[in-house]
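The structure appears right after this line, and notes come after that.
The values are calculated or read from the model by the stated rules, or taken from the named source; none is laboratory data. On a predicted model such as this, the values are computed, not experimentally measured, just so you know. Quick reminder, even Gly has a Cβ in these numbers, built from the backbone with ideal geometry, and neighbours come from all protein chains shown. The area values use the complete protein model at the heavy-atom level, side chains included, leaving out ligands, DNA and RNA. Shrake-Rupley method; radii C 1.70, N 1.55, O 1.52, S 1.80 Å.
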Amino acid sequence: MRELIARLLPYLGRYRRGLAWGLACVALTDIIALTQPQVLRFAVDDLYRGVTAEKLGRYALMLLGIALSAGLFKYWMREAVIGISRLLEFDLRNDLFAHLQTLPLQYFQRGRTGEIMSRCTNDLAAVRMMLGPGLMYLVNTVVVALVSLVFMLSISPRLTFYSLLPMPVVSFTVWYFGDRIHRRFEDIQAHFATMSARVQENLAGVRVVRAFAREDHELDDFHGLSSEYLDKNVQLIRVSAVFHPVLGLLSGVAAVLALYLGGREVVAGRITLGQFVAFTVYLAMLNWPMVALGWVISLFQRGAASYRRLTEILDVEPEIRDLPGAFRPEHCRGELEFRDLGFTYPGAASPALSGVSLRVPAGRVVALVGRTGCGKSTLLSLLSRTFDPPPGTVLLDGVDVRRYALGWLRAQIATVPQESFLFSATVAENIAYGVAHADAEGIERAARVAGLDTEVRGFPRGYDTPVGERGITLSGGQKQRATIARAVLRASPVLLLDDCLSSVDTHTEESILRRLREELIGRTTLLVSHRVSTVRDADLIVVLDRGSIVERGTHDELLRHGGRYAELYREQQLEEELEAS
Amino acid sequence: MSHDDELSGKGYDHRLMRRLLGYLRPYRGGLALAGVLVMLDALVGLAGPYLTKEAIDNGIRHHDLGHLQRVAMLYLAVLLVGFGLGYLHNQLMQRIGQHVMMDLRMSIFRHLQRLPLSFYDRNPIGRLMTRVTNDVDTLNELVSAGVVALFGDLFALIGIVVAMVNLNAELLAVTFSVLPLIVVVSLTFRLKVRRSFREIRSRLARLNAFLNENLTGMSTVQLLNREQRNYEQFRDVNASHRDANLQAVHYHAVFFPLLELVGALAVSLIVWYGGRQVMWTGITLGTLVAFIQYTQRFFRPISDLSEKYNIMQQAMASAERIFDLLDTPVDPAAAAVEGAAERAAATDGRPVPALRGRPADGTPGPFGGCIEFDHVWFAYDGAHWVLQDVSFTIQAGEKVALVGATGSGKTTLTSLLMRFYEPQRGVIRVDGRPLAEWDAGELRRHVGLVLQDVFLFSGTIESNLRMGGPALSRAEVERAAREVHAHEFIERLRDGYAAEVRERGATLSAGEKQLLSFARALAHAPRLLILDEATSSVDTHTEGLIQDALLRLMHGRTSLVIAHRLSTIQHVDRIVVLHHGRVREVGTHAELLALQGIYSRLYRLQYLGGRSLRRPAAEPPWAAEDGPQGGDVETWLAG
């Protein structure tokens, strides 16, 4: 808990004035509201003894005045405390996002997105509830309890003692039931997850379910899970259905005690009728803080647990980052070199690359071919430090890529990945995604090079057409070409094309390549492809197999060599023939 | 995340409500009881202020301690009764809510089992899951918290008014004079908060969508150096969400104190006006106190109304989505399942004897297994033909291999035979009867389907072999496993046949999963085998087992095999070559090779070329480095 507070202090510190004011308002609104029973007390006593209409009017106005000023402070209280909790939520969320941006790709793999999303929504909400309503009701509870206690004691210590007897029971009840309700609720949530997983399995395996006529069995099974869910809910209901009535009962008992004992005191002449009325009102006012106390405790418990989960994210050290003394040269030529590169993915048993040595002079085009999993994409991802290569194995302009500032390094490289990722933005924004400023002319030119221009003009709003769920859905080929246009516009000295034309037909591919070649003069290019037609004009073709280079040479040399590349070439000729038939 | 989060905007839809009420009908007895309990509870709740008045006027002021004690005891008794009533109706209502939810959930799930596969092609699983889970839970709020509480509140309001009239009608008029103020304040608030609530939801949806997109596309963001700009964008989206919330905070900050102020106004009026009456017209002090208490109770339910409205609005949106799903027409082939489902419902969901063998209306003769494709045309989207004019016949007991390039329509053909989809034109006949006349369950009972990707359910190895089917004896299951060489590796697992299948079989090798799927098909003794050969490469030993198991599986059965292995086409009677959705060549291996057409090219490409770089997954495993090379095939051809 102490560590939690220490970590939250910098956030809270930013708003200390507002927070102090807000919490002061909590105290003030409570104190003011607690004078109301005193007015009632005098009014009743006066009524009992006989009173003037004028005096009655004054009491009424006093009541109104108290409500007005208490209300005013209550307004400020909510604006300040709850408002600040929203600001804190905003700051925390920004910091989370900024931190997530520094984490490497590896962190986001293994389907962690759902988990992170839940941290950024549910857990953040729990933290906010702790810092907003939690804090507010904590002060409220303490002030109301203390002040009304003082007033009650001033009326009659004896009466106070007896009528407060049930109060700790109330708090205990709230805490006890709250705890149990929470635990059973978590149990239900866990079962809910099981049930969801079962539904997911059923839907994903729909073909098998139908093929084996397994529908009945699935229904029975789901019925079983549903029944169990029902039973668990009934378990919860058994507890939760008692909760509110028991609270009503306990506060009622306190009221009866006050009525009976207070009545006796009035009859005995120890307190006045007005004091008696005021006392019952104080007692009623105490109800809420006692209920709130249990609630506040659980708010803090949940908030603390959630904040711990948030710090788990915030404490992840970004593995790939600038080394001390990272530098950003003025100019980049674009000469690449892999020096006896071996690389094993974290947690993998066997290496993805071993003993890869390759030098690409600036401005040259080198093609990488090989079957899936041979290490082509890995090679590219090490260049841009999506994964970190071993020291001294991957060099740009003769310097280890790890020694450059990460931002600078990535700015020198334009990657067209295997899987295109477009954002929910317009076509133009997506093409210009990798550059700071772009004019319409540049965007259109890039699109023309990528062979996308004509199609974009056919879209309802041209380049301003939104992409994604709220706009049009692009085909796989269109997405790939948009990504190519993105890289063209980026105009960086190094270009990495990772099998980026696989969803485009051969004919279109050739025309895109022709334009790309003109465009790319002077840019160092690493080109991964499965198609001979794509790679045949490269300055050098490198064949990879199981993480090692097995052949290298120009198209003609490799054909003469009669190895794997030649085999691939023959095969694709056959395929073309087959397509034509 | 997108449109699911947006509310349809209507708060109340009569048609939807009526349909929802239909689900409450089976519980009308319990509901009526809950209604009575709620009314009694409200009634009992009215006693407090009245008893206070009694205590003050007749106990305290007359110094009658006996009376005071009697009133206190009575009060205590009333509290206990109220506690009992509150507990009962709370429990009853929530239970009914849970039962209704379960009924609804089951009917959605049941409906999903009957929807055509084309529906699944169109709807992402995530969205369907939301219907079964979250949407149903939202409705629960309405049933268990909303409806009855509203009813209780309404009744309490009426009760309070009646009680106040009885005490003093004139004072009631004074109290009521602030009522318009309450209504105006509440209505204004409700209107503002509703708009602001909708705004918050849509901004939160945008925030989450942005976050989700950036998390999934994080590597793109990083490679393009977009961190700073995306952070700024995120901050803007986040700020707009914050501002919408601050707006709501503002409304709440104004509303709650204002409402209390109006309440205080009412109390002041009562003190002022009632106080004068105490002095001049002789109403009692107790009446005055009771009146103030009633007044405070009167305002509470009114201020709760806006919250109830939100529950209602969300529930309506969920109901709309659920009923949309339930209104999707079912698969005509699902007739058998429908019968089962109905019976499951009739027996209150207790396990029903499985229905797999239900005879069709006609008297089904013994299943022969003769299959005839008669000018079949099919398109998934109704526009692009995947199969065009496909005609061929498989005699009972014949083994046929389907061969063709990726996308030639092989898998589609088998899906049609399983009646997963209906062809647009043409007829498929089994034993001379069109598929449409077959009961889908009856047909599938005779078919053993082995898919390329083996889908394992959570459960044990044994339950995955049984597939919840007819009462197979353990011996039968084991015999099937032995027959296809699955027994050996199952025995080696820690719990043997009782071993848990985790994460869809992630702990099993690709080869083991294939053998399991063979055993699964064989255990049900199908007359017709439809097999999509797996292409994942396995080690040489397992490969040998698989090839042998495959032959045993096909033995004596009508078989339609999408073949990827040379050893498989080697053992079939005929080969059907599909190309761009058309049957181009039919014949034996030797005949087709002699044709020098598509098959001979495919054969060279897929079965001889071996080291395809383009489709490494589709390459025959024996083409791997240490397997037999092309030369062996030549030997086989010569022999």
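Computed quantities for the displayed model
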quantity: Considering residues of segment A:332-357 that are part of a strand (DSSP E or B) and open to solvent by less than 40 Å² (accessible area, probe 1.4 Å) only, the residue nearest to A:Thr525 (Cα to Cα); calculated: A:Leu336
quantity: Test result for B:Gly382, open to solvent by 40 Å² or more (accessible area, probe 1.4 Å) and either in contact with a strand residue (DSSP E or B) (Cβ under 9 Å, 6 or more places away or on another chain) or closer than 21 Å to B:Ala521 by Cα (or both); calculated: no
quantity: Some residue of segment A:555-576 being open to solvent by less than 10 Å² (accessible area, probe 1.4 Å) and away from chain B (no Cβ under 14 Å); calculated: no
quantity: For B:Asn134: the one exception among (1) on the phi < 0 side of the Ramachandran plot; (2) within 13 Å of chain A (Cβ to nearest Cβ); (3) surrounded by 18 or more Cβ atoms within 10 Å (Cβ to Cβ); (4) not charged (D, E, K, R); calculated: (3)
quantity: Looking only at segment A:274-303, and only at residues there that are of a type in the set (Gly, Ala, Ser) and over 18 Å from the mean Cα position of the chain (by Cα), the one that is most open to solvent (accessible area, probe 1.4 Å); calculated: A:Ala284
quantity: Count of segment A:196-208 residues which are open to solvent by less than 10 Å² (accessible area, probe 1.4 Å) and more than 7 Å from chain B (Cβ to nearest Cβ); calculated: 1
quantity: Scope segment B:451-500; condition open to solvent by less than 10 Å² (accessible area, probe 1.4 Å) and within 27 Å of the chain's Cα centre (by Cα); matching residues; calculated: B:Leu456, B:Phe457, B:Ile461, B:Asn464, B:Leu465, B:Met467
quantity: Qualifying helices (runs of 4 or more DSSP H) (wholly inside segment A:435-526; at least 1 residues being more than 24 Å from B:Gly217 (Cα to Cα) and touching a residue at least 40 places away in the same chain (Cβ under 8 Å)); calculated: A:440-449, A:506-519
quantity: In segment B:368-404, the residues that are under 36 Å from the mean Cα position of the chain (by Cα) and part of a loop (DSSP other than H, G, I, E, B); calculated: B:Ala379, B:Tyr380, B:Asp381, B:Gly382, B:Ala383, B:His384, B:Trp385, B:Val386
quantity: Any hit, segment B:162-184, residues being farther than 29 Å from B:Tyr50 by Cβ, part of a helix (DSSP H, G or I) and either at pLDDT below 85 or not small (Gly, Ala, Ser) (or both); calculated: yes
quantity: Residues of segment A:406-416 classified as more than 7 Å from chain B (Cβ to nearest Cβ) and in contact with a helix residue (DSSP H, G or I) (Cβ under 9 Å, 6 or more places away or on another chain), total; calculated: 5
quantity: Flag for B:Phe176 being in contact (Cβ under 8 Å) with a residue 24 or more places away in the chain and among the hydrophobic types (A, V, I, L, M, F, W, C); calculated: no
quantity: For A:Met285: the one exception among (1) in a helix (DSSP H, G or I); (2) within 30 Å of B:Asp103 (Cβ to Cβ); calculated: (2)
quantity: Those residues of segment A:210-245 which are β-branched (Val, Ile, Thr) and either touching a Gly at 6+ places or on another chain (Cβ under 8 Å) or facing chain B (nearest Cβ under 7 Å) (or both), in sequence order; calculated: A:Val234, A:Ile237, A:Val242
quantity: Residue ID - farthest from A:Pro460 (Cα to Cα), chosen from residues in segment A:421-437 that are of a type outside the set (D, E, K, R) and more than 9 Å from chain B (Cβ to nearest Cβ); calculated: A:His437
quantity: Test: A:Phe222 is buried (at least 21 other Cβ atoms within 10 Å of the Cβ) and either of a type in the set (A, V, I, L, M, F, W, C) or closer than 26 Å to A:Leu236 by Cα (or both); calculated: yes
quantity: Test: residue in segment A:396-409 that is open to solvent by less than 40 Å² (accessible area, probe 1.4 Å), touching a Phe, Trp or Tyr at 6+ places or on another chain (Cβ under 8 Å), of a type in the set (Val, Ile, Thr) and in contact (Cβ under 8 Å) with a residue 12 or more places away in the chain; calculated: no
quantity: Residues that are touching a Lys or Arg at 6+ places or on another chain (Cβ under 9 Å) and more than 14 Å from A:Val401 (Cα to Cα), drawn from segment A:325-344; calculated: none
quantity: Residues of segment B:515-531 satisfying the condition of being outside any helix (DSSP H, G or I) and over 12 Å from B:Gly556 (Cβ atoms); calculated: B:His524, B:Ile530, B:Leu531
quantity: Residue among B:Arg229, B:Arg235, B:Arg242, B:Arg276 that is surrounded by fewer than 20 Cβ atoms within 10 Å (Cβ to Cβ), closer than 25 Å to A:Leu87 by Cα, among the basic types (Lys, Arg) and in contact with a helix residue (DSSP H, G or I) (Cβ under 7 Å, 6 or more places away or on another chain); calculated: B:Arg235
quantity: Checking A:Met152 against (1) touching a Ser or Thr at 6+ places or on another chain (Cβ under 9 Å); (2) closer than 20 Å to A:Cys25 by Cα; (3) crowded, with 21+ Cβ neighbours inside 10 Å, the condition it does not meet; calculated: (2)
quantity: Of all residues making up segment A:543-581, the number that are at positive phi and either touching a Cys at 6+ places or on another chain (Cβ under 8 Å) or part of a helix (DSSP H, G or I) (or both); calculated: 2
quantity: Single residue of A:Pro318, A:Pro329, A:Pro389 found to be open to solvent by less than 40 Å² (accessible area, probe 1.4 Å), in contact with a Pro (Cβ under 7 Å, 6 or more places away or on another chain), on the phi < 0 side of the Ramachandran plot and assigned to a loop (DSSP other than H, G, I, E, B); calculated: A:Pro318
quantity: Flag for A:Ala145 being farther than 24 Å from A:Val39 by Cβ, aliphatic (A, V, I, L, M), open to solvent by 10 Å² or more (accessible area, probe 1.4 Å) and assigned to a helix (DSSP H, G or I); calculated: no
quantity: Number of positions in segment B:52-70 that are under 60 Å from the mean Cα position of the chain (by Cα) and either more than 8 Å from every other protein chain (Cβ to nearest Cβ) or surrounded by fewer than 21 Cβ atoms within 10 Å (Cβ to Cβ) (or both); calculated: 4
quantity: Pair list, Cβ < 8 Å and 6+ apart or interchain, from segment A:13-36 residues that are open to solvent by 60 Å² or more (accessible area, probe 1.4 Å) to residues that are aromatic (Phe, Trp, Tyr) and in a helix (DSSP H, G or I); calculated: A:Trp21/A:Trp76; A:Leu28/A:Phe73
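This table checks each residue for (1) in contact (Cβ under 8 Å) with a residue 12 or more places away in the chain; (2) out of contact with any strand residue (DSSP E or B) (no Cβ under 8 Å at 6 or more places or on another chain); (3) in a helix (DSSP H, G or I); (4) within 9 Å of another protein chain (Cβ to nearest Cβ).
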| position | (1), (2), (3), (4) |
| --- | --- |
| A:Ile66 | yes, yes, yes, yes |
| A:Tyr75 | no, yes, yes, yes |
| A:Ala126 | yes, yes, yes, no |
| A:Gly134 | yes, yes, yes, no |
| A:Thr141 | yes, yes, yes, no |
